[in-house]
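Where a number appears in this text, it was derived from the coordinates with a stated rule and is not lab data. What you see is a predicted model, and the numbers here were worked out from it, not measured in a lab. Note that each Cβ is placed from the backbone with ideal geometry, even for glycine, and that neighbours are counted across all protein chains shown.
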Amino acid sequence: MADSARRYWYRGRPRESRGPTGLAADVVQAGGPIVSRSIRYHRPRGVFCGEGFCSQCLVRVNGQPNVRSCRYVPADGDRVDTENAWPSVRTDVLGALDFLFPRGIDTVRGFRRPAFARPWYHRVVRRLSGYGQLANAAPTPAPPPLRHTTDVLVVGAGPAGRAVASTLAREGRQVALIDRRAVIAPPPGVLVIDRATAAFLPPPVEEAERPFRLAGIGDRGRGIDLNASTVVLAPGSYDASLWCAGSDRPGVVTAEGALSLRTARGEVPFHRALVVGGGARAAEMLDRFGPRIEGILAPGPISPEVVRRANELDVPMFPRTLLLGVEGRRRARSVRCRARGAASPPFSLEGDAVILAHLRIPHVPLFFQVGARMEWRSEGGAYFPALEPDLATSVPGLWACGEAAGFPDPIGSEASGEAVAERILGRSANLSALPPRVGTQSPGEMEGYYRELFAGPRPGGKWIACACEDVTVEELRTAHDRGFSGIEVVKRYTGLGTGLCQGRYCLPEALAYLSILEGRPIPEVGFITQRPPSEPTPLSAWASLSEEGT
C-alpha cells in the first residue's frame, strides 16, 4: 500500500497517488490551493481543517457530491471534479457576488421587491444555498450493519481513550473502542470500531441493564448500533479558527490542515508559512516545517520552548499580536497585524500560508447530546463537561477524560484515562497526581484578544464568521442591532453554526463576539442546540438498522 501507485482523474486530467495520502494533498499539488467555492459568495476556498469537519475542501468523486477531499484516499479509476463553480473553480462567474455585496447578501429577508422579479430571485437564492448538485451515480450498497452490546464503550482512541480501554480489558471487562480515524495497533482484548462516528439516541435509561444506546456510521456507509452499560467520552480536541478579514482564504489552514497537505513524498504546498500561536502546537509546527516557517505570530505570550526552537531556526517572533487580515485573492500572500496593548501602527508580513496553531478546542457535541452539564472554561476558550472529582459527569454511567475533559498535556491526558478506568473498576485512583484541568479564570487569553480586536473600528475587508454558510460578522452585528440576543436565536436568524462543521469553527469566536456586543458573560450567551447526528450520516446507514428505537 505504501508504494503502490493509484491512477485517478482530476478535472479530466490523469493523476497518480501513492500511499495513504488524502486526496486533498494531491489535488492541491495538482491544481493549486483553490479546491472549491463557498456557497453564497463563491469565494475561493482551500483545505482548512484537514480532519473532515469543515466544508472547504469538498469535491465530487465518481458522481457523489460533497466528498471531503482531506479524508478521502483516491482509488484506481476515480474521477474527481470540483463543485459549486462555473466555468471552473479558478474562474467562477458567481465570484463577482463577493465584490458586489461587500457587507453580505440577505438571502432570507431580502430579494422581495419588485414583486414581479421574485421568481427569479428565488432561483438565485436556491443557487446560493446548496453544497452542489445531487449525485448522478447510484450509491454503493452499504455493508451489513454492526450491532454490538458491551460493558464499556470508549469514544476516542487517543492516549486517554486507549488507556481506559487497555486497563479495563486487562481486568476482563468487555470493552469496545470507537474512533473516526484508522486505529493503529488496537489495544489487546478490545473490539475496535475505527473509521466510524456515533451519536446518542434517546436519553439514557438509568434502570436499564445497558442504559446507553448509540447509532452511527462506519467505513463505507456501514450502519452501527451500540448498547453499553458505561460510556467513556475521550473524543479529543481540534485546532481552532481565528477571525480576521479574509480568514477563509486558501492558504489559511489549521495545524492539522497543514499536516494533511503532506504528500507521500513529503511535499507541502507552501514555502514561507506564518504560524499563529506560541505554545506546544506552534512548537510542533516548527519541528515539522522548520525551514518553511517565515514567522511566529502569537495572540498571547510565546513559550520558552517555541522561543528556543525559533531562535535555532532564525525565525522572527511577534508575541501578543492581533491578526487583522489575510491579503491575497487566490491564496494567502501576506497578513496585516498590530501589536496588542499599544497604539502602534499596523504592519504587514509576507507569507504563502497561515497556519493556525494557537488553541485546541474540545470535541463536545456528544456531551451536549447526552445531557451532561457543561461549563465555560475561559482559559480553554470553550465549553467543557462539568466533572466530579473522580471525573464522572452529571450523567450516571458517563465519564470523561483526556483533552475533552480539560487535560491538554498528553501525559496528563493518559493519566486521566487510567484514573477513569480505576474508578469504573471500583478502585481508588490517585486523582491528586493528575495535572490541573484547563482553568476558568476570566477573561481567558482569547476573550481578551477579541475584546481588544473589536474595541475600535474593525479593519476593512470581508470578515467571514461562519465559513460553511458564508455568514459575515456584519450579519451578526445586524442581528444584535435588531434585538436578537443569545447564540441560539442568532444562529436561527443568520444560519451561523448550521453548516457541515456544526459550529466547530465559528461558535467559540461567535460566543466571544456576542458577549462583547451584549455586555454579558459567555455562559449567559449560551450554546446552540446539539442534535444527533453530529456528523453527516447517509440515510442508508440509518435504514440498515432495525426500526425499533431508531
Q. Share of antiparallel DSSP beta bridges in the chain, in percent to the nearest 5?
A. 55
Q. So what does log10 I(q)/I(0) come out to for the range 239-305 at q = 0.11, 0.17, 0.20, 0.28 Å⁻¹, using the Debye formula with one equal point on every Cα and no solvent?
A. -0.25, -0.61, -0.85, -1.52
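Defining a contact as two alpha carbons under 8 Å apart and six or more residues distant in sequence, what relative contact order in percent does the range 221-349 show?
Numbers: 184 pairs, mean separation 25.7, N = 129.
Relative contact order here is 20 percent.
Give me the mean projected area, in nm² to one decimal, of the convex hull enclosing the Cα positions of the range 5-103.
Approximately 6.2 nm², given one-decimal rounding.
Please report the net charge: other residues with Cβ closer than 15 Å to the Cβ of residue 342, K and R +1, D and E -1. Numbers along the way, then the final one.
Numbers: positive: 320, 338, 340; negative: 452.
Local charge sum for residue 342: +2.
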Q: Determine the shape class of the range 137-228: with a ≥ b ≥ c the square roots of the Cα gyration tensor eigenvalues, call it rounded for a/c under 1.5, and otherwise prolate if a/b is greater than b/c, oblate otherwise.
A: oblate
**Q.** In sequence order, calculated HN-Hα J values of the range 87-98 (Karplus, 6.51, -1.76, 1.60; Hz; x Gly/Pro)
**A.** x, 8, 5, 7, 10, 9, 4, 6, x, 4, 4, 4
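Which whole-number percentage describes the relative contact order of the chain, with Cα contacts under 8 Å and a sequence gap of 6 or more?
Contact order relative to length: 15 percent.
Ranking 148, 122, 358, 363 by Cβ neighbours within 10 Å, fewest first, what do you get?
Numbers: 148 15, 122 11, 358 27, 363 22.
Sorted ascending by nearby Cβ count, the order is 122, 148, 363, 358.
What's the ranking of 535-543, 292-300 by average number of surrounding C-beta atoms within 10 Å, highest first?
Details: 535-543: 14.9, 292-300: 22.0.
Ranked from most to least packed, the peptides come out as 292-300, 535-543.
Using only the Cα atoms of the chain, build the gyration tensor, take square roots of its eigenvalues as a ≥ b ≥ c, and label the shape rounded, prolate or oblate: rounded if a/c is under 1.5, else prolate if a/b is larger than b/c, else oblate.
Details: a/c = 1.35, a/b = 1.20, b/c = 1.13.
Taking the square roots of the gyration eigenvalues as a ≥ b ≥ c, the chain is rounded.
If packing is taken as the average number of other Cβ atoms within 10 Å across a peptide's residues, how do 506-512, 91-97 rank, most packed first? Don't skip to the answer; put the middle values down first.
Details: 506-512: 24.1, 91-97: 15.4.
So the peptides 506-512, 91-97, ranked by packing, come out 506-512, 91-97.
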Q. Based on the Cα gyration tensor of the range 258-358, what are the three equivalent ellipsoid semi-axes, each the root of five times an eigenvalue, rounded to whole Å and given largest first?
A. 22, 17, 10
(Q) Check which residues have an amide H placed less than 5 Å from residue 325's amide H, if you skip close sequence neighbours. (A) 245, 336
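Restricting to DSSP H runs of at least four residues, report the calculated mean residue ellipticity at 222 nm for the chain, -39500 (n - 2.57) per run over all residues, nearest 500 deg cm²/dmol. Working shown, then result.
Values: 15 runs with 129 residues, N = 550.
Here the helix-only value at 222 nm equals -6500 deg cm²/dmol.
Over 18 Å apart: what share of the alpha carbon pairs of the range 1-62 falls there, rounded to a whole percent? Write down the numbers at each step before the final one.
Numbers: 736 of 1891 pairs.
Tail fraction, whole percent: 39.
Could you tell me what % of all Cα pairs in the range 306-394 have separations over 22 Å? Could the numbers behind the result be given before it?
Working: 2083 of 3916 pairs.
Counting every Cα pair in the range 306-394, those more than 22 Å apart make up 53 percent.
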Q: Sort 236-248, 306-318, 126-138 for me by packing, meaning the mean count of neighbouring Cβ atoms within 10 Å per residue, highest on top.
A: 236-248, 306-318, 126-138
Q) What size of dipole, in debye to the nearest 20, comes out for the range 443-522 about its Cα centre when the only charges are +1 on Lys and Arg C-beta atoms and -1 on Asp and Glu C-beta atoms? A) 120
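Across every pair of different alpha-carbon atoms, what Kirkwood hydrodynamic radius in Å does the range 352-391 reach?
On the way: mean 1/r = 0.0838 Å⁻¹.
It works out to 11.9 Å.
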